[in-house]
Amino acid sequence: PFGGRMEGGSSPAGVLATADRVYVSNAHNDTITVLDARSRQAVAEIALRIPGLESLRGVMPIGLALHEATGWLLVTEAGINAIGVVDVKQNKLIGHLPAAWFPSTIRLWKETVYVGNAKGHGTGPNAAREGQRMRTFQADMRRGVLQMFPLPTPDELPALTQRVYANNG
């Protein structure tokens, strides 16, 4: 709770604080709530939507990282295997970057983006395996992956966004 009421959305999954803003990813609402760090009041709600499918949910934002030089907030979008690019000056989604399966955490080091993908490239067939018990299936068989790539330029965003849309059908 902030003050006398709740701010934000459903299933807050990630938080990023700067000197003047706090960003919260709301996994079930497909939104980012922007709070003023001093007053603790919501100042914006950024919708993460796919054109033509605005009424549907499933983008599932989780991890957050801020590239201060560009003013880009990078948001892992686990439901569509992508990284959302939000312009924090406009509080608006401006594109997507392709990722592996279920990106859940993101970090920046200078101009390099690091993405932790919880499910990686998958597990392959899930038929019973020798000595494998179903209760350990998730931990034993699913292998995450770490991606690293240079931060794209604004000119590269449209093509990368189209690739994300194509990857998701």
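Can you work out the base-10 log of I(q)/I(0) for region 10-58 at q = 0.18, 0.23 1/Å, using the Debye formula on its C-alpha atoms alone?
-0.56, -0.79
In terms of modelled amide H atoms, which long-range or inter-chain residues lie less than 5 Å from the amide H of residue 83?
For residue 83, the qualifying residues are 77, 97, 99.
Could you check the simple spin-label distance between residue 68 and residue 28, using points 7 Å along Cα→Cβ, in nm with one decimal?
Here the answer is 3.5 nm between the modelled labels.
Scaled to the compact-protein estimate 2.2 N^0.38 Å, what is the alpha-carbon radius of gyration of region 79-121, rounded to two decimal places?
Details: Rg = 11.2 Å, N = 43, 2.2 N^0.38 = 9.2 Å.
Rg over 2.2 N^0.38 Å, computed on Cα atoms: 1.22.
Please list the non-local residues whose amide H lies under 5 Å from the amide H of residue 30, H modeled 1.01 Å from N, same-chain partners needing a gap of 5 or more.
60
Under the Karplus relation 6.51 cos²θ - 1.76 cosθ + 1.60, θ = phi - 60°, what is the ordered set of whole-Hz ³J(HN,Hα) values for region 88-96, x standing for Gly and Pro?
After applying 6.51 cos²θ - 1.76 cosθ + 1.60, I find 6, 6, 9, 6, 9, 5, 10, x, 9 Hz.
Whole-Hz Karplus ³J(HN,Hα) for region 49-56, in order, using 6.51 cos²θ - 1.76 cosθ + 1.60 and θ = phi - 60°, x for Gly and Pro?
10, 9, x, x, 10, 4, 7, 9
Give the share of C-alpha pairs in each 10 angstrom bin for region 1-123, from 0 to the last occupied bin, in whole percents, shortest bins first.
14, 47, 31, 7, 0
Would you please give the residues with an amide H less than 5 Å from that of residue 21, counting only those at least 5 places away or on a separate chain, with H modeled from the backbone geometry?
It is 37, by chain and number.
What does the extension gain come out to for residue 19 and residue 101, with contour length at 0.36 nm per residue minus their alpha carbon separation?
Answer, rounded to one decimal: 26.3 nm.
None of the figures in this text is laboratory data; all of them are computed from the coordinates on show. Keep in mind that this is a model prediction, so the values were computed, not measured. With ideal geometry, Cβ positions are generated from the backbone for all residues, glycine too; neighbour counts draw on all protein chains shown.
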